[in-house]
Amino acid sequence: MTAAITDWSGSDLNKFPLGFQEYSGPPDQWNIKFLIRQGPKDMRLFLTLFTHNRMGKALLPEIYYLAGKPMTKPLGELARAWLSRFGSGDKPFFLNLFVSTTHPPFGSEYPFYQYFTDPDYRGESAFGMSKLSDPAEIIRSQREPKEAFDLDQVMDLYKGCVRNFDDEVRNLVQHLRKSGLDRNTIVVIYSDHGMEFFENNTWGQGNSIHGHASNRIPLLIIDPREQREFASDRLVRAIDVAPTLLDKLGIALPAGIDGVSLQPMIDGEAFLDLPGFCETGLWLATPPGQNPHHIRYPELLEVLDVPCKRSGTLALRDEYKGVVEAARDRMLQLGEWRLIRIALNDTPAYELYHLPTDPGCTANLADDRPDILTSLVDMMCDYARVNLPANAQATN
């Protein structure tokens, strides 16, 4: 049995054929019909007061699964119920619980939003990050500087979200122990991305390739068969999770699968450095502080299209797919070295950093170590699976 439970943040678990036999979550969120049915922002926020129940889930899923509505507790309760149901049988199961607890707008459930915030705060971000009530506001907020936000309040809200998530993980682990499933169940705690709080002049995820804010995620694997605890500060990748779990279950890796099993590292065997690759995502708006010569494209609403009016699914317009791909900044890390590629209009700019002596990546050594630079550039091209263009048609 394979199953997935999620809120608004994980509708792709049902949108694509990922193999889940059971699913509890919203339909496609990136869908014009879904967004229209949500109605004006003031109305839909008001309706959530009356639809956050079984009837609302069945009759008004577009309101029940409203983006930003805290749902950690009900999702956790459902996950525990499904664990009990799956665990009562004699067949193996896989349950993926995916929650937006620590995702913008950082609105946690009571009392978590009060744990770390200033009780005297009276601004617009009292219960969640402001300026995120509708798509137009979200796009505008992406191009605003740090000074436009009550960042201290937002950070305190984020801490409450982390506490909310941690407490729900505790509830799940306790449920496994009470039901006896902890003796034969592997638990994985992971994330799909990190979060930027203006460390690199922007907030959100995937807007900047510098630093660790967007691309560093937690990964904990709890296997009741392991006899000792193991921790490593070496680089591992999200693509290594699936091969590791398959290895633990004695299942052969499918041909062509990305990533490698981390089990040899866990077992204490010699393990080669893994190359880590990441790139920026689709910008909602031009990030603040971006190089003026950077490849650019219009804001989100202009680059989107609805190619199939029957389904209503949003997609990139064909004429912008090339420039969106060309405008991605990319990073490759291997051992002591980190290569960063900035997508400029005329020719890309490369930055090379030696992490042991410069963990903050402040001293660019691209001109000093051409041998390392050339090697990593070639490897980055292989990982990107494209011939990274030196030039690209830009839309300013």
Residue (of 119, 161, 149) at the positive-pole extreme of region 107-191, dipole from beta-carbon charges:
161
Rounded to the nearest 500 deg cm²/dmol, what is the calculated helix-only ellipticity per residue at 222 nm for the chain, with -39500 (n - 2.57) per DSSP H run of length n ≥ 4?
-9000 deg cm²/dmol
Only residues of region 14-58 count here: report those whose backbone N is under 15 Å from the spot 7 Å along Cα→Cβ of residue 1, or say none.
20-24
Using amide H atoms built in the peptide plane, which far-off residues or other-chain residues are under 5 Å from residue 262 H to H?
244
Find how many whole Å separate the alpha carbon centroid of region 232-277 from the alpha carbon centroid of region 95-140.
35
Can you sort 352, 282, 13 by 1.4 Å-probe accessible area, starting with the largest?
282, 13, 352
Expected unfolding gain across residue 49-residue 346 under the 0.36 nm per residue rule, minus the alpha-carbon gap, is 101.7 nm
Heavy-atom accessible area ranking, 1.4 Å probe, most first, across 214, 88, 179:
88, 179, 214
Diffing region 73-81: the Karplus 3J(HN,Hα) column from phi (6.51, -1.76, 1.60, θ = phi - 60°), in whole Hz with x for Gly and Pro, holds 5, x, 5, x, 5, 5, 4, 5, 5
For region 184-247, what is one quarter of the convex hull surface built on the Cα atoms, given in nm²?
5.2
How big is the charge dipole of region 102-196 about its Cα centre, in debye rounded to the nearest 20, if each Lys and Arg gets +1 on its Cβ and each Asp and Glu gets -1 on its Cβ?
480
For residue 236, tell me the accessible area in Å² from a 1.4 Å probe, rounded to the nearest 10.
50
Subtracting the Cα-Cα distance from 0.36 nm times the residue separation, let me have the gained length for residue 36 to residue 267 in nm, one decimal.
77.9 nm
Can you list the HN-Hα couplings for region 6-20, worked out from phi with the Karplus curve (6.51, -1.76, 1.60; θ = phi - 60°), rounded to whole Hz and with x for Gly and Pro?
7, 10, 4, 6, x, 5, 5, 5, 10, 6, 10, x, 8, x, 6
Lys pairs under 14 Å by Cα in the chain, provided they are eight or more residues apart or on distinct chains
5
Out of all DSSP beta bridges in the chain, what portion is antiparallel? Express it as a percent rounded to 5.
75
Just how large is the dipole of region 231-379 about the Cα centre, in debye to the nearest 20, putting +1 at every Lys and Arg Cβ and -1 at every Asp and Glu Cβ?
580
Sticking to Cα atoms, compute the Rg of region 168-276 to one decimal and its Dmax as the biggest Cα-Cα distance, whole number, in Å.
16.3, 48
Overall form of region 259-331 per C-alpha gyration tensor (a/c, 1.5; a/b vs b/c):
oblate
With every protein chain in place, the accessible area of residue 313 for a 1.4 Å probe, in Å² rounded to the nearest 10, comes to 40
One quarter of the convex hull surface, Cα atoms only: what value does that give for the chain in nm²?
22.1
Classify region 1-127 as rounded, prolate or oblate, taking a ≥ b ≥ c as the square roots of the eigenvalues of its Cα gyration tensor: rounded when a/c is under 1.5, otherwise prolate if a/b is larger than b/c and oblate if not.
oblate
Report ³J(HN,Hα) in whole Hz for each residue of region 237-244, in order, from the Karplus equation J = 6.51 cos²θ - 1.76 cosθ + 1.60 where θ = phi - 60°; Gly and Pro get x.
10, 4, 5, 8, 5, 4, x, 5
Could you sort 330, 85 by their accessible area in this structure, using a 1.4 Å probe and putting the largest first?
85, 330
Rounded to the nearest 10 Å², the accessible area of residue 1 at probe 1.4 Å
80
Hey, can you grab everything whose amide H is under 5 Å from the amide H of residue 204? Only 5+ residues off in sequence or another chain; H modelled, so Pro and N-termini drop out.
196, 198
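The values are calculated or read from the model by the stated rules, or taken from the named source; none is laboratory data. Predicted model, so just to flag it, every value in this text is computed and none were measured. Note: ideal-geometry Cβ built from the backbone for every residue, glycine included; neighbour counts use all protein chains shown. For accessibility, only protein heavy atoms count, side chains too; no ligands or nucleic acids. Shrake-Rupley method; radii C 1.70, N 1.55, O 1.52, S 1.80 Å.
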